[in-house]
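Below: the structure, in structure tokens.
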Amino acid sequence: YLKQETSRKQWYQRRVRGSNGGSKKDFLALNVYVALCYYKLDYYDVSQEVLAVYLQHFPDSTVAINLKACNHFRLYNGKAAEAELKNLSDLCSPSFKFAADLIKHNLVVFRGGESALQILPPLIDVIPEARLNLVIYYLRQEDIAEAYALFKDISPTTPQEYILKGVVNASLGQEQGLNDHIKIAQQYFQLVGGSASECDTIPGRQCMASCYFLLKQFEDVLIYLNSIKSYFYNEDPFNYNYGQAKAATGSYKEAEEIFLMIQAEKLKSDYVYLGWLARCYIMNRKPRLAWELYLKQETSSESFSLLQLIANDCYKMGQFYYSAKAFDVLERLDPNPEYWEGKRGACIGLFQQIIAGHEPRETLREVLAILRNTGNAQVEYIIRIMKKWAKDNRVTVS
């Protein structure tokens, strides 16, 4: 694969260089082939310039208009690409079935997968990319099993196919806890990212970052993500992974800023996002914000896990007020002795902070209320000591 892909790119580059020698004014069609070579090399703006020469003479060319639409999709967005395809749709005759199929296929891609299940399956044996785009559709719908079933028997031959194989296996492995699929994904990502033809491309560096991410080697992840972050400044999926890598290496301030840039509600409601953001808040000494994250959640196993994270991380950071509140809720939801021990330790730690003047004395009332929520025999002894101190220091607690 590595040799084949390098040779393929070298072939495109030779075609481009060959097209620049001598006069080619009488060979206008050559511009389409050169433009296609530039497209394959990811030089979409150059491809567009070369293609324009041909389109000036043949504005109704099916191949050229389709390539122009694909360039617009890469350079701008789906709407810009769709506008270009409208002309092609108007020009196609009923007998030119391939062009009609191509238009239908590309419109699904340009529209972000709209009508994919109706249009793409019949085209799988007509247009090679139809299978790949259907797999991508299933992945976006989180139907990992369908994506895997559609792609499992396909032997990849291009970087895009290897990357998609990696993504499918990584998704399946993470969803079902299958380490064998995680290892296969690592191998695919490393194969692409380490190849001579892809190592210095953006997809190649993304692949190496993904490989190290799955290996939990986050320092190495950041080497690759830092090198391409300027291309993905406002991309939510990139920032989702970038923030995790930053937090995993202890760069909590930067990680918090990155997480807060994410706009997609689907990602912002994901437990992984909430957990990492809560940890960043706590490590950046903003425990109140972490607590507010929990308060916004509906009761579920994930909100319970978030509460555990807040209780334990706040305890480790000496943020005993919010640790006590979190352990108090945990204990009421599940009378596990460990939660009482955590609450007891947090309440005593908070009491010490009050004595030292690091917390307002009025907070003692809330500490006593939290302790009274427990039926443990130790409670009365602890409350008695706290009340005695309050009386000696003229602090009203009742």
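Partner lysines whose Cα lies under 24 Å from the Cα of residue 104, excluding those fewer than 8 positions away in the same chain, are identified as 40, 68, 79, 86.
Calculated FRET efficiency, residue 269 and residue 143, Cβ-Cβ r, R0 22 Å, to nearest 0.05?
On the way: r = 19 Å, r/R0 = 0.88.
Working from the Cβ atoms, E equals 0.70.
At 1.4 Å probe size, put 366, 341 in order of accessible surface, largest to smallest.
341, 366
Relative contact order (percent) for the chain, with alpha-carbon contacts under 8 angstrom and 6 or more residues of separation?
The normalised contact order for the chain reaches 6 percent.
Could you compute how much accessible surface residue 60 exposes when probed at 1.4 Å, giving the result in Å² to the nearest 10? Estimated to the nearest 10 Å², residue 60 gives 90 Å². Which links in 216/253; 296/387; 183/286; 216/325 stretch past 29 Å when you go from one Cα to the other? The pairs that break the limit, which is 29 Å between Cα atoms, are 296/387; 183/286; 216/325. For the chain, the share of accessible area belonging to carbon and sulfur comes to 51 percent (1.4 Å probe, ligands and nucleic acids excluded). GNM remark for the chain: springs join alpha carbons under 10 Å apart, and the peak mean-square fluctuation among 299, 201, 157 falls on 299.
Between residue 57 and residue 100, the C-beta separation translates, for a Förster distance of 25 Å, into a calculated FRET efficiency of about 0.55.
A 1.4 Å probe run over the protein chains yields, for the chain, 55 Å² of accessible area per residue, whole-number rounding. Computed over the chain with a Gaussian network model linking Cα atoms closer than 10 Å, the most mobile of 68, 296, 183 is 296. Top mean-square fluctuation among 221, 367, 167, Gaussian network model of the chain, C-alpha springs under 10 Å? In the Gaussian network model the winner is 367.
The values are calculated or read from the model by the stated rules, or taken from the named source; none is laboratory data. Note that this is a predicted model, so its numbers are computed, not measured. Cβ sites come from the backbone with ideal geometry, for glycine too, and all protein chains shown count toward neighbours. Ligands, DNA and RNA are stripped out before the accessible areas are found, and what is left, the full protein with its side chains, is counted by its heavy atoms. Shrake-Rupley method; radii C 1.70, N 1.55, O 1.52, S 1.80 Å.
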